[in-house]
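So the structure is just underneath, and the comments pick up after that.
The values are calculated or read from the model by the stated rules, or taken from the named source; none is laboratory data. What you see is a predicted model; the values in this text were computed from it and never measured. Every residue, glycine as well, gets a Cβ built from its backbone with ideal geometry; the counts of neighbours run over all protein chains shown. These area figures cover heavy atoms from the full protein model, side chains too; ligands, DNA and RNA do not enter into them. Shrake-Rupley method; radii C 1.70, N 1.55, O 1.52, S 1.80 Å.
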Amino acid sequence: MTVVDAHQHVWDPGRAPYDWLGPAMAPIDRAMGFADVRPALDAAGVTATVLVQAADNDADTDHMLETAAAHPRAVGVVAWVPLDDPARARARLAALRRDSHVVGVRALVHEMPDPDWILRPDVGEGLALLAEAGLAFDYVTSSPEALAHVPLLAERHPTLRLVVDHLGKPPVGGGPDDRAGWRKLIADAARHPAVHAKVSGLYSASGPLDSWSTDGVRPFVEDALELFGPGRLMYGGDWPVSLLAGGYARTWAAVSELLAPLDPDGRPPCSAARPPASTASTTPC
């Protein structure tokens with residue numbers, strides 16, 4: 001059985017700048033390579049992973065591609081391209097598409113000074129290039145306002161596969177009103193059939209990253225299953241950030257428990273929205 005972790009990082013601050021790392025991220029503010037995560041993947045029975053960008057620069061993408069070339073278990077890469085510079089984006093995409101590992105593109109939208117950066121016309125041209133190339137776009141959000149952009153993006157780019165990272169950061173640990181607000185936003189996104197989401201990074205929204213529980217995450221996963229259906233959801237272990245949230249084993253155990261009631265044939269396929277050929281026939285996890 002093939003089980004794919006659709007959201008895993010590797011990085012090396014000696015190879016590329018990661019401005020968001022720092023003292024608060026001290027345990028993972030260092031080179032984090034595939035060899036470091038392999039024992040956790042083995043223990044969970046994860047047989048393939050998709051590496052996801054962690055910095056808006058070419059060096060991070062190049063590092064991921066080198067990692068994928070050296071580790072057959074890394075079957076896909078979600079790269080970075082300068083979406084706000086369509087000419088550069090086109091040239092970079094032409095180069096990246098020569099590597100079959102590349103399955104999508106992401107930018108650290110939540111780090112942008114302009115909260116509406118994703119809606120800019122130049123970025124729209126870049127997104128259109130992704131649709132033309134048949135690549136998915138991973139959208140990482142950090143606020144309800146950002147999640148509200150997803151339906152608009154789906155309308156503007158109907159052929160672009162959109163992947164909402166971390167279920168749009170639901171208010172884990174919040175109250176009923178918080179959940180209701182998030183549910184409306186994610187429901188509006190889920191109405192568009194080209195929108196997918198990752199069951200990943202579901203940590204506390206208001207406290208330390210490790211102050212979450214399986215029962216606290218449960219309602220958001222149940223909502224996602226209802227709104228998207230298993231076929232448009234993917235599992236992501238979010239390593240090494242998950243090390244700050246209790247570890248890979250803890251997050252894997254939580255997702256396994258939450259999906260246990262599903263029939264095996266009805267579980268999320270745990271792969272990228274457009275998996276590489278090597279995972280096109282994955283057995284559901």
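The set of residues in region 114-154 being hydrophobic (A, V, I, L, M, F, W, C), in a helix (DSSP H, G or I) and within 17 Å of Arg90 (Cβ to Cβ) consists of Val123, Leu127, Ala128, Leu129, Leu130, Ala131, Ala133.
Quick one: which of Pro176, Pro144 is in contact with a helix residue (DSSP H, G or I) (Cβ under 8 Å, 6 or more places away or on another chain) and at pLDDT below 95? Matching residue, one of Pro176, Pro144: Pro144.
Can you tell which of His149, His157 is over 23 Å from Ala205 (Cα atoms) and at pLDDT 95 or above? Just one listed residue meets the conditions, His157. Residues in region 1-21 that are open to solvent by 80 Å² or more (accessible area, probe 1.4 Å) and touching a residue at least 60 places away in the same chain (Cβ under 8 Å): Met1, Asp19. Go through (1) open to solvent by 10 Å² or more (accessible area, probe 1.4 Å); (2) farther than 16 Å from Asp60 by Cβ and name the single condition Glu111 misses. Failed condition: (2). Applying the criterion of being more than 17 Å from the chain's Cα centre (by Cα), part of a helix (DSSP H, G or I) and touching a residue at least 24 places away in the same chain (Cβ under 8 Å) to the residues of region 42-61, the residue that is surrounded by the fewest Cβ atoms within 10 Å (Cβ to Cβ) is Ala43. A single member of Ala24, Ala35, Ala69 is loosely packed, with under 15 Cβ neighbours inside 10 Å, in a helix (DSSP H, G or I) and modelled with pLDDT under 95, and it is Ala24.
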